[in-house]
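*Asks:* One structure, pasted below without further comment.
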Amino acid sequence: MESPFKSDILKGKVVLLTGGGSGIGFGLSTQFGKHGASIAIMGRRKSVLDSAVSALQSLGIPAVGFQGDVRKQEDAKRVVESTIQHFGKLDILVNAAAGNFLVSPEDLSPNGFRTVLDIDSVGTFTMCHEALKYLKKGGPGRDSSTGGLILNISATLHYTAYWYQIHVSAAKAAVDAVTRNLALEWGSDYDIRVNGIAPGPIGDTTGMSKLSPDEISGNSEEREPLYKIGEKWDIAMAALYLASDAGKYVNGTTLVVDGGLWLSRPRRFPKEAVKQLSRAVEKRSRVAPVGVPTSKL
Ligand code: COA
């Protein structure tokens, strides 16, 4: 689908994306690049980085890949500094790297829990921490009045609770807290906007194949009202809105992009039954209210 945004809305911007070589992260790299940005991507696997970079370059997008693990502070520092060396500045940091697998709490070791928090929550904070000096107003490559932007990819699992996702729910709750607290503190002190996006199920991603493997996925469309599989494009368009001037007054928000799925509840009664019964039940409750004491006189 064509983008509704002009192709130069991110002209001259430099974007660093963790996890930017695959899945939602690669969708963001591609659309940011198509709208004028230069792209640096960070990931653990060289082969994934190499093919992502050549795919971007074949679209005419200035792109570079840096191998690294967001769990290692020295990698975070090196990749941020390499981005500056390569492109001269940093305008937007996207934290899209994440870890996930299905597991019940009793089968999850504390180290498994910690591993996902390390990637999603601590990794997000570490990248923000290392990027601060370049994103803040007056930082290298920036003018003295305008700061950059941070975009954290989150989820909706932790708004309620979700089966087999205790580790990810905890991790994404922490990511949202990082988004809000940095929005307050770094928005005030350094003019950096910090926002998040909480995607629903997005097709053709590792997340989707891990959380909804064919062997056990069943028919979610029948179970959950509002269940629709989104596209990477949907997340990228939300990101473009937040990253462009269109979003200049948005700070500290995590935008849910899931077709309303997180609000889904099973329908308790058929609509026809409600139509037929509701007035009758109302009448009955007025004639004989439940819980009103009967007179002893
Ligand atoms: N069920 C239960 N525990 C699991 C598990 C599973 N499916 N997969 C990993 N673990 C546990 C391991 O047993 C280990 O705990 P232990 O030391 O107590 O045994 C811990 O998690 C770390 O696993 P390890 O394989 O050493 O970590 P890793 O750093 O190589 O990989 C993961 C990290 C597990 C998050 C891996 O899935 C990953 O790299 N994911 C990135 C891609 C991804 O998930 N994308 C989807 C994003 S939505």
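*Asks:* Is it true that THR83 is more than 22 Å from ILE197 (Cα to Cα) and touching a helix residue (DSSP H, G or I) at 6+ places or on another chain (Cβ under 9 Å)? Spell out how you get there, then give the answer.
*Replies:* Values: more than 22 Å from ILE197 (Cα to Cα): yes; touching a helix residue (DSSP H, G or I) at 6+ places or on another chain (Cβ under 9 Å): yes.
Judged against the criteria, THR83 is a match.
*Asks:* Tell me which of these MET1 doesn't satisfy, since it passes every other one: (1) at pLDDT 95 or above; (2) more than 16 Å from the ligand (Cβ to nearest atom); (3) out of contact with any His (no Cβ under 9 Å at 6 or more places or on another chain).
*Replies:* Failed condition: (1).
*Asks:* So, one more: Testing LYS46 on (1) within 16 Å of the ligand (Cβ to nearest atom); (2) in contact with a helix residue (DSSP H, G or I) (Cβ under 6 Å, 6 or more places away or on another chain), one condition comes back false. Which one is that?
*Replies:* LYS46 satisfies every listed condition except (2).
*Asks:* Hey, among the residues in the stretch 18-43 that are hydrophobic (A, V, I, L, M, F, W, C) and farther than 14 Å from LYS89 by Cα, which one's farthest from the ligand (Cβ to nearest atom)? Before you say what the answer is, go through the steps one by one.
*Replies:* Keep residues of the stretch 18-43 that are hydrophobic (A, V, I, L, M, F, W, C), which gives 24, 26, 28, 32, 37, 39-42.
When the remaining residues are screened for being farther than 14 Å from LYS89 by Cα, the result is 24, 26, 28, 32, 41-42.
Details: ILE24: 8, PHE26: 12, LEU28: 14, PHE32: 19, ILE41: 15, MET42: 13 Å.
Step by step, filter the stretch 18-43, then rank; the result is PHE32.
*Asks:* Select, from PRO289, PRO225, the only residue that is surrounded by fewer than 11 Cβ atoms within 10 Å (Cβ to Cβ) and part of a loop (DSSP other than H, G, I, E, B). Before you say what the answer is, go through the steps one by one.
*Replies:* On the way: PRO225 fails: surrounded by fewer than 11 Cβ atoms within 10 Å (Cβ to Cβ).
Among PRO289, PRO225, only PRO289 is surrounded by fewer than 11 Cβ atoms within 10 Å (Cβ to Cβ) and part of a loop (DSSP other than H, G, I, E, B).
*Asks:* When both residues are 6+ apart or on different chains and their Cβ atoms are under 9 Å apart, which pairs have a first residue that lies in the stretch 232-249 and is farther than 16 Å from ASP191 by Cα, and a second that is outside any helix (DSSP H, G or I) and among the small types (Gly, Ala, Ser)?
*Replies:* Correct list of pairs: LYS232/GLY203; TRP233/SER3; ASP234/GLY200; ASP234/GLY259; ALA236/SER3; MET237/SER3; LEU240/SER3.
*Asks:* Can you work out which of the residues in the stretch 176-213 that are of a type in the set (D, E, K, R) and within 16 Å of the ligand (Cβ to nearest atom) is nearest to LEU93 (Cα to Cα)?
*Replies:* First, the residues of the stretch 176-213 that are of a type in the set (D, E, K, R): 176, 180, 185, 189, 191, 193, 204, 210.
Checking the rest, the ones that are also within 16 Å of the ligand (Cβ to nearest atom) come to 176, 204, 210.
On the way: ASP176: 16, ASP204: 23, LYS210: 26 Å.
Within the stretch 176-213, the match that is nearest to LEU93 (Cα to Cα) is ASP176.
*Asks:* In the stretch 254-286, which residues are among the aromatic types (Phe, Trp, Tyr) and part of a loop (DSSP other than H, G, I, E, B)? Break it down into steps so the answer makes sense when it comes.
*Replies:* In the first step, residues of the stretch 254-286 are kept if they are among the aromatic types (Phe, Trp, Tyr); the result is 262, 269.
Across the stretch 254-286, the qualifying residue is only PHE269.
*Asks:* Still on this structure: What's the total number of residues in the stretch 51-68 that are outside any helix (DSSP H, G or I), surrounded by 14 or more Cβ atoms within 10 Å (Cβ to Cβ) and free of Cβ contacts under 8 Å to residues at least 40 places away in the same chain? Quick ask: steps written out before the conclusion?
*Replies:* From the stretch 51-68, those outside any helix (DSSP H, G or I) are 59-68; that's our starting set.
Among the residues that remain, those that are also surrounded by 14 or more Cβ atoms within 10 Å (Cβ to Cβ) are: 61-68.
Those left that are additionally free of Cβ contacts under 8 Å to residues at least 40 places away in the same chain: 61-64, 66-68.
Selection size over the stretch 51-68: 7.
*Asks:* Does any residue in the stretch 105-130 that is touching a residue at least 12 places away in the same chain (Cβ under 8 Å) and of a type in the set (Phe, Trp, Tyr) come within less than 7 Å, Cβ to Cβ, of a residue that is near the ligand (Cβ under 10 Å from one of its atoms) and assigned to a helix (DSSP H, G or I) six or more places away or on a different chain, and which pairs are these?
*Replies:* Qualifying pairs under 7 Å: PHE113/HIS167.
*Asks:* Considering only the stretch 87-105, I want to know if a residue exists there that is within 16 Å of the ligand (Cβ to nearest atom), more than 19 Å from the chain's Cα centre (by Cα) and outside any loop (DSSP other than H, G, I, E, B). Walk me through it before giving the result.
*Replies:* So the first thing to find is which residues in the stretch 87-105 are within 16 Å of the ligand (Cβ to nearest atom), and the list is 94-105.
So of that shortlist, the ones also more than 19 Å from the chain's Cα centre (by Cα) come out as 103-105.
Those still in the list that are outside any loop (DSSP other than H, G, I, E, B) too: 105.
Looking for residues that are within 16 Å of the ligand (Cβ to nearest atom), more than 19 Å from the chain's Cα centre (by Cα) and outside any loop (DSSP other than H, G, I, E, B), one finds at least one in the stretch 87-105, hence yes.
*Asks:* Still on this structure, I have one more. Go through (1) in a loop (DSSP other than H, G, I, E, B); (2) hydrophobic (A, V, I, L, M, F, W, C); (3) touching a residue at least 60 places away in the same chain (Cβ under 8 Å) for VAL168 and report which single condition fails.
*Replies:* (1)
*Asks:* Could you tell me which numbered condition ASN251 fails, if it satisfies all but one of (1) part of a loop (DSSP other than H, G, I, E, B); (2) crowded, with 18+ Cβ neighbours inside 10 Å; (3) within 16 Å of the ligand (Cβ to nearest atom)?
*Replies:* Status for ASN251: all satisfied but (3).
One line per residue, one yes/no per condition, for (1) modelled with pLDDT under 95; (2) acidic (Asp, Glu); (3) surrounded by fewer than 20 Cβ atoms within 10 Å (Cβ to Cβ):
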{"site": "ALA37", "(1), (2), (3)": "no, no, no"}
{"site": "ASP75", "(1), (2), (3)": "no, yes, no"}
{"site": "VAL80", "(1), (2), (3)": "no, no, no"}
{"site": "ASP107", "(1), (2), (3)": "no, yes, yes"}
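*Asks:* Considering the stretch 106-148 alone, what residues qualify as being under 30 Å from PRO213 (Cα atoms), more than 9 Å from the ligand (Cβ to nearest atom) and of a type in the set (Gly, Ala, Ser)?
*Replies:* Result: SER121, GLY123.
*Asks:* Which of (1) of a type in the set (Gly, Ala, Ser); (2) in a loop (DSSP other than H, G, I, E, B); (3) modelled with pLDDT of 95 or more does SER145 not meet, given it meets every other one?
*Replies:* Looking at each condition in turn, SER145 falls short on (3).
*Asks:* Right, here's the next one. Evaluate the following for SER54: is it among the polar types (S, T, N, Q) and within 16 Å of the ligand (Cβ to nearest atom)? Walk me through it before giving the result.
*Replies:* Working: among the polar types (S, T, N, Q): yes; within 16 Å of the ligand (Cβ to nearest atom): no.
Against the criterion (among the polar types (S, T, N, Q) and within 16 Å of the ligand (Cβ to nearest atom)), SER54 does not qualify.
The values are calculated or read from the model by the stated rules, or taken from the named source; none is laboratory data. Predicted, not measured: the structure shown is a model, and the values here were computed from it. Glycine gets a Cβ as well: all are built from the backbone with ideal geometry, and neighbour counts include every protein chain shown.
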